[in-house]
Amino acid sequence: MRLAPSLETDRLRLRLLGEADLDRLVRLIGDWEVARWLAHVPYPYEREDGREFIRDMTESMAAGREVHYVIADKATDALMGGCGFLDQEDGLELGYWLGRDYWGRGYVPEALRSLISAGFGGLGLDVIAARVLPDNLRSRRVLEQLGFQDVGLRAVNFPLRNLTMMVPQYELKRSDWETA
């Protein structure tokens, strides 16, 4: 599974994650208001967690299992968040996060429009799935704004928090995306 090394929108550059991003990654994703919504992010988030994350993402991309991008400011190239297609037990899943400093400015829908187009076009996906915690209303609104439909509850394991939760699963079909 391969996509271009970067994608661009009007305000953003989706690019590969690198060691130079470590400090911002740790600061942004280490904020509990960000980390609490993510199934596989430890809290507190330390530099070694960031190094491991960068290493794991680089390896999964090199192996063609997943696609991971940094959401970066197009003008400064500063890391603001991340998005990608994650390899889950039941297929690929859209994942994303954004540092709290950048919430409420429309960055996530802008980034995801580009990623979704690449997923349907470059990867040939027919359906894109996403899961979100029930009380993460911002994230649910983003998915609904992009045309995703709630298709029911699915069990999601939060291994670092020792719990499994039933969460809404959303899906977007290629045919719906192309006609929107």
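Quick notes on this one:
- Candidate set from region 33-45 (those that are without any contact (Cβ under 8 Å) to a residue 24 or more places away in the chain and out of contact with any helix residue (DSSP H, G or I) (no Cβ under 7 Å at 6 or more places or on another chain)); member that is farthest from Thr164 (Cα to Cα): Pro44
- Residues in region 28-48 that are touching a Gly at 6+ places or on another chain (Cβ under 8 Å) and part of a helix (DSSP H, G or I): Leu28, Ile29, Val34.
- Filter pass, Ala62 being touching a strand residue (DSSP E or B) at 6+ places or on another chain (Cβ under 9 Å), among the small types (Gly, Ala, Ser) and either on the phi > 0 side of the Ramachandran plot or at pLDDT below 95 (or both): no
- Condition met for Ile71 (under 29 Å from Leu163 (Cα atoms), touching a strand residue (DSSP E or B) at 6+ places or on another chain (Cβ under 8 Å) and β-branched (Val, Ile, Thr)): yes
- Taking the criterion of being farther than 14 Å from Gly81 by Cα, surrounded by 14 or more Cβ atoms within 10 Å (Cβ to Cβ) and acidic (Asp, Glu), the only residue of region 1-55 that qualifies is Asp49.
The values are calculated or read from the model by the stated rules, or taken from the named source; none is laboratory data. What you see is a predicted model, and the numbers here were worked out from it, not measured in a lab. With ideal geometry, Cβ positions are generated from the backbone for all residues, glycine too; neighbour counts draw on all protein chains shown.
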